[in-house]
1. Sort the following peptides by mean Cβ neighbour count (other Cβ atoms within 10 Å, averaged over residues), highest first: 171-184, 192-205.
2. May I ask you to give the solvent-accessible area per residue for the chain, in square angstrom, as obtained with a 1.4 angstrom probe?
3. Please list, in order along the stretch 226-242, the HN-Hα scalar couplings obtained from phi with the Karplus expression 6.51 cos²θ - 1.76 cosθ + 1.60 (θ = phi - 60°), rounded to whole Hz, x for Gly and Pro.
4. Suppose the chain between Asp83 and Ala178 were pulled fully straight at 0.36 nm per residue; how much longer would it get relative to their current alpha carbon spacing?
5. Nearest 5 percent is fine: what portion of the DSSP beta bridges confined to the chain is antiparallel?
6. Below 14 angstrom from the Cβ of Ala47, what's the summed charge of the other residues (Lys, Arg +1; Asp, Glu -1)?
7. Arranged from highest to lowest average of other beta-carbon atoms within 10 Å per residue, in what order do the peptides 12-22, 43-53, 108-118 appear?
8. For the stretch 159-175, what does the Karplus curve 6.51 cos²θ - 1.76 cosθ + 1.60, with θ = phi - 60°, yield as ³J(HN,Hα) per residue in whole Hz, taken in order and with x for Gly and Pro?
Amino acid sequence: MIVLFTDFGLQGPYTGQMKAVLHKLAPGIPTIGLFADAPVGNPKASAYLLAVYAAWFAAGTVFLSVVDPGVGGSRPPIILEADGRWYVGPGNGLFELVARRAPSNRSWHIDWKPERLSASFHGRDLFAPVAAMLARGERPAGRPLADSAHRRPDWPDDLQEIVYIDHYGNAMSGLRAAVLPRNAKLVTAGRLLQRAGTFSDQPPGTPFWYENSNGLAEIAVNQGRADHELGLAIGFRVEIIS
């Protein structure tokens with residue numbers, strides 16, 4: 001299958017145009033919309049989401065991943081193979097955590113060129129056709145890419161920031177709960193948060209943090225919205241108190 005991970009949103013033409021290319025070039029191959037609301041223009045925050053959510057998909061899955069504020073600039077267009085999954089998108093750090101956490105990985109600069117390449121929509125014109133080729137079992141033209149061309153060794157293994165606000169107002173951090181002490185408390189926006197197992201462990205209106213279904217430390221309010229009630233937004237710092 002082909003999995004979409006973008007910051008395009010569902011309004012407007014962008015997601016639909018990419019899906020049209022995939023339908024034309026890889027007919028019969030399912031396309032799954034994973035994120036259309038990845039952190040806008042923020043490949044760093046998005047990298048921590050992609051690494052966690054991609055693990056749920058089988059080997060052979062192609063991730064068409066576009067969070068690309070530098071589109072048309074010097075960042076390389078790349079293909080990454082990690083744990084048998086394929087990733088197509090900009091070499092701006094978006095795949096850093098995927099590559100770092102994989103036992104083995106390989107990457108290529110995309111040398112294949114479409115007949116028409118717009119300056120501002122590589123998702124449609126370049127990355128979608130390449131993703132379709134990979135899903136069909138074909139290898140587009142490319143050359144091995146040196147790690148230094150697209151890696152971000154300065155990014156931490158776990159990010160102490162809010163990286164996503166979901167539909168319910170819950171705030172995901174870039175921290176894997178498994179790396180935190182069992183009794184750890186989190187502090188963000190001036191609030192000290194105790195750990196809970198799940199929502200119903202706390203009285204209504206109580207803020208807390210818990211390990212969400214994908215293994216990230218997430219901040220929530222039982223029967224409320226953490227983003228509104230705590231004033232949270234993507235990029236807010238999360239401190240750990242052991």
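1. By packing density, highest mean first, the sequence is 171-184, 192-205.
2. Averaged over the residues of the chain, the accessible area is 45 Å².
3. 5, 5, 6, 6, 9, x, 8, 8, 4, x, 5, 6, 10, 9, 10, 10, 7
4. Working: separation 95, 0.36 × 95 = 34.20 nm, distance 2.07 nm.
Residue separation times 0.36 nm, minus the Cα-Cα distance, leaves 32.1 nm.
5. Antiparallel bridges: around 70 percent, rounded to the nearest 5.
6. On the way: positive: Lys44, Arg75, Arg100, Arg101, Arg151, Arg152, Arg176; negative: Asp7, Asp68, Glu96, Asp154, Asp157, Asp158, Glu161.
Residues close to Ala47 contribute a combined charge of 0.
7. 43-53, 12-22, 108-118
8. 9, 7, 8, 6, 10, 6, 10, 8, 4, 8, x, 6, 10, 7, 9, x, 9
The values are calculated or read from the model by the stated rules, or taken from the named source; none is laboratory data. As the structure is a computational prediction, the values presented were derived from the model and not from experiment. Neighbour counts are summed over all protein chains in view; Cβ atoms, including those assigned to glycine, are modelled from backbone coordinates with ideal geometry. Side chains included, ligands, DNA and RNA excluded: accessible areas come from the protein's heavy atoms. Shrake-Rupley method; radii C 1.70, N 1.55, O 1.52, S 1.80 Å.
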